[in-house]
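**Student:** Dropping the structure in here first, questions after.
The values are calculated or read from the model by the stated rules, or taken from the named source; none is laboratory data. What you see is a predicted model, and the numbers here were worked out from it, not measured in a lab. No Cβ is skipped: glycine too gets one built from the backbone with ideal geometry, and neighbour counts run over all protein chains shown. Accessible surface is based on the protein model in full, side chains and every heavy atom, while ligands, DNA and RNA are left aside. Shrake-Rupley method; radii C 1.70, N 1.55, O 1.52, S 1.80 Å.
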Amino acid sequence: MISVLGLVFAAAFAQDTAPRESRAVTYREALQLSVINNMTVTQARTSRDQAEGTLTGSRGQFDPRYSFDVSRGRSRVQGFINGTDIAFITETDTWSVGQSLSSTLPTGTEVSASLNTDNNSIEFFGDGADQRGNLETYTTRGNLSITQQLLKGVWFRYNVQNVTQAQNALDIAELELEKRRQEALYQAAEAYWNWVYQWQLWEISLESVSVAEEGLRVGKLQVESGQLARVEATRLEAALVQAKQAAIEAENVAERAANAVLMVMGQSPDERVLPATPPGEVPDLVDLDAEQAIDVAMAQNLDLRLAEMNLDQADLALSFAKHGRLPSLSATATTGVGSQRCPEGLGPGDCGVGNAASTFGGLFEDDRQPFWEVSGNFTVPIGNRAARGQQIEAEARRVQREEELEAQVRQVAADVEEQVLALRSARLQTELADANLQLAIETLAAEEALDDAGRNLRKDVLEARTELDRAKADAAKARTDYRLAQAQLLRLQGQLTEAVP
């Protein structure tokens, strides 16, 4: 039974199509090009790349920050000595150079180190020579400051939530990309197997035309020899016309199916192509277990994994919102040393003699000037409605994501079970179609033998041929239905590839 059907399909695929100048397209080629040229896959890949850039940018909040500041200023002020009308003028010339290095740590710690050098030159003069003077000082100050969050912001995961959310977004984008890829593969598989079926129907119709033409030729000879009534020849002519009409319709449908395949491949529909991968035989499904198939889908279904990831992200957002309701409490400790120098003879006696370079060296000498400071800050918004609103919103979103996950679990289980039943049904339909095909072949042989012996009507032979064509079409349909159900099951399990399963 199966060997007869195999010969029928082999003959259909081996028919010489050289006059059509058609290119053979395999199942693998169709699916590979569908992924490469699919618009949604390309968009999903772009979204994935954008998510990678967002993740890189989110990590930048912990990058150290270096700053270098330079300033220069000059001012002139005129005043009077108290209780007199003696005027004097004060000119101030200052410059400052500073640099700092700061960083924010995931532990909620702000660290800053700075080094600043200032020059302050003051010159004052009045009407007389004895009323002139100046004072110039160089000051260098180095300090280290640490600020630690003690309540809000002390949680490591809260501080890195932007990175966590960006990483989750990247994971979701990658899953979306794979989901779009699986959908593109299934779309191409569906189009390809439908094309194969329509192509086989067209091949069957062409074979029917050949048989009808031969039947008419023989019938005309029998009419001329008086072996057959004229009405039988008319019946044969009508059968040929009907076969040609069916062949034209089948060719048009097959052409539309071929164009659909070319479209999902990203190719021009003007190209003439033919399918090169037959559906093959349907394997025994004794080992196909619905529960095992559902378990695989529960572990690998992309829609389900996306729903699970969305729920995890909602859980994180809720925990962050709860932590965000805490007030801000921070402690800051600052320590450092300073050094001051004055030019010789122009400043206080204990100022020391020096310049900008000497003040920097003074940080390491005995006369350095250490300092320290400790401070705290407590901030809480009255009512805290913004934080409470974010928590309420996060709780509602978390409930929504949980319901979506539960619904997705039920949907996946139902879809997988449906496809398992479809595979089993396709297997039974294949066995039935094979049996009907064998019966149709034997029936036609018997009707033709009776017709040759003059013991049967020609219409019985035509009906037997029509039944044979129908049996061939049913056998082809059962096999392509199996392939479609198989591709859909693999897509639900996240396992569909370019290879013929």
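**Student:** To test your reading of the geometry: what angle, between 0 and 90 degrees and rounded to tens, separates the Cα axis of helix 161-224 from the longest principal axis of the chain?
**Tutor:** Approximately 20 degrees, to the nearest ten.
**Student:** Put a dot 7 Å past each Cα toward the Cβ at residue 374 and residue 90; how far apart are the dots in nm?
**Tutor:** 3.7
**Student:** Would you list which lysines come within 21 Å of residue 220, measuring only between C-alpha atoms, while excluding same-chain residues fewer than 8 positions from it?
**Tutor:** Filter leaves 244, 459.
**Student:** Something else now. Rounded to whole Å and sorted largest first, list the principal axis extents of the Cα atoms in the chain.
**Tutor:** 154, 46, 40
**Student:** Rounded to the nearest 500, what is the chain's calculated 222 nm mean residue ellipticity when only DSSP H runs of at least 4 contribute -39500 (n - 2.57) each, over all residues?
**Tutor:** -20500 deg cm²/dmol
**Student:** So, one more: On full extension of the chain, what length is gained from residue 292 through residue 71, given 0.36 nm per residue of separation minus the C-alpha to C-alpha distance?
**Tutor:** Stretched out fully, the residue 292 to residue 71 stretch lengthens by 72.2 nm.
**Student:** Using the alpha-carbon atoms, what tilt in degrees (0 to 90, nearest 10) does helix 385-452 show relative to the longest principal axis of the chain?
**Tutor:** On a 0 to 90 degree scale, this one is about 20.
**Student:** Give me the extension gain from residue 135 to residue 315: residue separation times 0.36 nm, minus the current Cα-Cα distance, reported in nm with one decimal.
**Tutor:** 58.3 nm
**Student:** Which of the aspartates and glutamates could a cross-linker span from residue 179 if the Cα-Cα distance has to be under 15 Å and same-chain partners fewer than 8 positions apart are dropped?
**Tutor:** 171, 303, 308, 498
**Student:** For residue 322, give me every one of the aspartates and glutamates with a C-alpha distance below 20 angstrom, ignoring sequence neighbours fewer than eight places off in its own chain.
**Tutor:** 312, 393, 395, 402
**Student:** By per-residue mean of other Cβ atoms within 10 Å, what is the highest-first order of 484-490, 152-158?
**Tutor:** Per-residue Cβ counts within 10 Å, averaged per peptide and sorted highest first, yield 484-490, 152-158.
**Student:** Pop out the carbon and sulfur fraction of the accessible area of the chain as a percent, whole number, probe 1.4 Å.
**Tutor:** 53
**Student:** Heavy-atom accessible area per residue, the chain, 1.4 Å probe: how many Å²?
**Tutor:** 55
**Student:** Go through region 318-323 residue by residue and turn each phi into a ³J(HN,Hα) via Karplus (6.51, -1.76, 1.60, θ = phi - 60°); whole Hz please, and just put x for glycine and proline.
**Tutor:** Per residue, the Karplus-derived 3J(HN,Hα) values read 5, 5, 5, 5, 5, 5 Hz.
**Student:** Now a separate question. Taking the Cα-to-Cβ direction at residue 414 and at residue 105 and moving 7 Å from each Cα, how far apart do the two end points lie in nm?
**Tutor:** In this crude spin-label approximation the distance works out to 5.4 nm.
**Student:** Using alpha carbons only, how many degrees (0 to 90, rounded to 10) separate the axis of helix 458-492 from the longest principal axis of the chain?
**Tutor:** For helix 458-492, the angle is close to 20 degrees.
**Student:** Any idea how far the Cα center of region 476-501 sits from the one of region 32-53, in Å?
**Tutor:** Each part reduced to its Cα centre gives a spacing of 23 Å.
**Student:** Given a Förster distance of 60 angstrom, what is the FRET efficiency for residue 229 paired with residue 26, based on the Cβ-Cβ distance and rounded to 0.05?
**Tutor:** 0.75
**Student:** Taking 35 Å as R0, compute the FRET efficiency from the Cβ-Cβ separation of residue 425 and residue 256 and round it to 0.05.
**Tutor:** Between residue 425 and residue 256 the formula returns 0.85.
**Student:** Here's a follow-up. Between region 288-318 and region 393-420, what is the separation of their alpha carbon centroids in Å?
**Tutor:** 9
**Student:** Assuming 0.36 nm per residue, please report the length gained on full extension of the stretch residue 123 to residue 49 beyond their Cα-Cα distance.
**Tutor:** Fully extending the segment from residue 123 to residue 49 adds 20.4 nm.
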